[in-house]
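The values are calculated or read from the model by the stated rules, or taken from the named source; none is laboratory data. Since this is a predicted model, take the numbers as computed values, not measurements. Note that each Cβ is placed from the backbone with ideal geometry, even for glycine, and that neighbours are counted across all protein chains shown.
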């Protein structure tokens, strides 16, 4: 039996690039960017953020966004201007949350992205897909 393949940093980087390109392709039919989609997902999965300032800090710490705090404020202002998010001013009372329109758009985008990722991951063992590396913060809720 052959030895299992060793993944290199280049392999991981190429996979990340390919998946980002797929996400961007799905989103190209919308007026939503990748960073906006990720932000909508954060709010949809974690629920309303009682402290907008803590949400800004959390989003600015996320490497998949690659944005600083001022860019996060601009991102959230843009989502609020589109009517997708409410209560996002860092110095505001909060909570920061999806609007009904934001929740509906998120649901449509999840369906479209899911159709693509379902094909990408179809041949992988579900147990492998459910693995979270040590330190992964999937259950964190901004309070």
With respect to the numbered conditions (1) under 20 Å from residue 16 (Cβ atoms); (2) modelled with pLDDT under 95, which one is the sole condition not fulfilled by residue 36? (2)
Just name the residue that is nearest to residue 100 (Cα to Cα) out of those in segment 47-65 that are surrounded by fewer than 15 Cβ atoms within 10 Å (Cβ to Cβ) and modelled with pLDDT of 95 or more. 57
For segment 44-67, give me each residue that is closer than 15 Å to residue 88 by Cβ and free of Cβ contacts under 8 Å to residues at least 60 places away in the same chain. 48, 52, 53, 56, 57, 59, 60, 65, 67
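Every residue, every condition in (1) more than 13 Å from residue 75 (Cα to Cα); (2) within 16 Å of the chain's Cα centre (by Cα), yes or no:
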position: 5; (1), (2): yes, no
position: 9; (1), (2): yes, no
position: 15; (1), (2): yes, no
position: 19; (1), (2): yes, yes
position: 32; (1), (2): no, yes
position: 35; (1), (2): no, yes
position: 45; (1), (2): yes, yes
position: 58; (1), (2): yes, yes
Looking at residue 86, is it surrounded by 12 or more Cβ atoms within 10 Å (Cβ to Cβ), at pLDDT 95 or above, over 17 Å from the mean Cα position of the chain (by Cα) and farther than 24 Å from residue 110 by Cα? no
Which numbered condition trips up residue 27, out of (1) modelled with pLDDT of 95 or more; (2) surrounded by 17 or more Cβ atoms within 10 Å (Cβ to Cβ)? (1)
Mind checking which pairs have a first residue in segment 1-21 that is closer than 18 Å to residue 35 by Cα and a second that is assigned to a helix (DSSP H, G or I), Cβ under 9 Å, 6 or more apart or different chains? 18/120; 19/117; 19/120; 20/34
Just wondering, is there one or more residues in segment 119-127 that are under 17 Å from the mean Cα position of the chain (by Cα), part of a helix (DSSP H, G or I), surrounded by 10 or more Cβ atoms within 10 Å (Cβ to Cβ) and modelled with pLDDT under 95? no
Need the failing condition index for residue 70 against (1) surrounded by fewer than 13 Cβ atoms within 10 Å (Cβ to Cβ); (2) at negative phi; (3) at pLDDT 95 or above; (4) in a loop (DSSP other than H, G, I, E, B), just the number. (4)
